[in-house]
Each structure stands twice: as structure tokens, then as C-alpha cells.
Amino acid sequence: MSHRNNNLFERFSDWATKFTGSSHAFIGAVLIVIVWAASGPVFKYSETWQLVINTGTTIITFLMVFLIQKAQNKDSKAIQIKLNELIAAHEKASNRIVDIEDLTEKELDQLHCYYEELARFAKEDADIHTSHSIDAAQRNQDYKHEFFKHKHEEWLQKQQEKKES
């Protein structure tokens, strides 16, 4: 897998993200504020003097919002891929969890409640290594459904036999 980045914006945003998060950038920002504050008496604390810092910080903040979001999106995607790989690699993990970030908030809340219930089951287990998964729960649910469906069919058949006799 190539790590080379030929896209100019990608290269710039990677560099800018690293730079703006560095101590050099912080020191530079502090120095700019100190120089601006020290120049106040020279410019007699005029409105233009105040406008310079206000405009500069507003523009930088505006641009940084997009830069931070770009970096966050990239990091989030990389983390999701790593988590998906871990889920896919673990034999007892449920593959249904891969890409759940595309679910609605309501669907995620339902899954959260389900995992809270699994946590409660795990606390009740004597063996802390007992594993529960959505797939195991689904198999249990399918089994119960088939079992009770079969029982219901037997009951219906007995009712039918009683009517006929």
C-alpha cells in the first residue's frame, strides 16, 4: 500500500495539521499576540489596530475549522478501518458490527441497549471468559422461535384432532 500523497491539498492539509498542532505554531501565535499588543501604543490603540487582530484571528479560525474537520474525518476513517479489521479477524466477533457508523442514531441506541444487556449477562456469568455476541444471541433467538413455532403447531394439531373426534 503506497503512502505517497500526490494530491496538493492532501499534502498541504497533512503538513498544516502537523504544524498547527506543534509547539512552534503555538509559540508563533503567542509572539504575534505579543507584537500586536506591544504595537498598541504606537498605533494609539486605534480601531484599525484592533481590527487587525480581530480580522486575522477570525480568518485563521475560519480556515482551521475546515482543516480540523478534514483531519478528524481522515483519522476517524482510519480508526474505523482498523476496528473493522479487528472485528473481521476475531472468530467470535460479530461481523454485523462492521460499518455500524452508517446506522441512524436510533439504531445505534438500540445496539447500545443490546450491549448493555450483554454486559449484564457477562456480570452474572461465573466465568469471566464467557463470550456473548450478536450472532450467538441471534442463534438463540432463532432456536427459540423455531422451538415455540413447533410447539404451537403441535398444539394446533391437537386442537384439530379434538375437533375431529
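Is it true that some residue in the stretch 65-72 is farther than 29 Å from Ala16 by Cβ and either modelled with pLDDT under 95 or within 11 Å of the chain's Cα centre (by Cα) (or both)? Write out each step before concluding.
Initially, the stretch 65-72 is screened for residues farther than 29 Å from Ala16 by Cβ, giving none.
Taking every residue of the stretch 65-72 in turn, none turns out to be farther than 29 Å from Ala16 by Cβ and either modelled with pLDDT under 95 or within 11 Å of the chain's Cα centre (by Cα) (or both).
Considering only residues that are open to solvent by 50 Å² or more (accessible area, probe 1.4 Å) and either of a type in the set (A, V, I, L, M) or in contact (Cβ under 8 Å) with a residue 12 or more places away in the chain (or both), which ones fall in the stretch 13-28? The answer is Thr17, Thr20, Ile27. Restricting Ser46, Ser94, Ser23 to those that are of a type in the set (Ser, Thr, Tyr) and in contact with a helix residue (DSSP H, G or I) (Cβ under 7 Å, 6 or more places away or on another chain) reduces the list to Ser94.
Checking each residue in the stretch 114-137 for being of a type in the set (Asp, Glu) and either loosely packed, with under 12 Cβ neighbours inside 10 Å or at pLDDT 75 or above (or both) picks out Glu116, Glu117, Glu124, Asp125, Asp127. Residue count for the stretch 99-117, restricted to those that are more than 20 Å from Ala78 (Cβ to Cβ) and assigned to a helix (DSSP H, G or I): 13. The residues of the stretch 36-49 that are assigned to a helix (DSSP H, G or I) and open to solvent by less than 100 Å² (accessible area, probe 1.4 Å), listed by number, are Trp36, Ala37, Ala38, Thr48, Trp49. Filtering the stretch 81-113 to residues that are of a type in the set (Ser, Thr, Tyr) and surrounded by 12 or more Cβ atoms within 10 Å (Cβ to Cβ) leaves only Ser94.
The values are calculated or read from the model by the stated rules, or taken from the named source; none is laboratory data. Since the model is a prediction, treat every value here as computed from it, not as a measurement. Cβ atoms come from the backbone with ideal geometry, glycine included; neighbour counts cover every protein chain shown. Remember, those area values only see protein heavy atoms, side chains included, never the ligands or the DNA or RNA. Shrake-Rupley method; radii C 1.70, N 1.55, O 1.52, S 1.80 Å.
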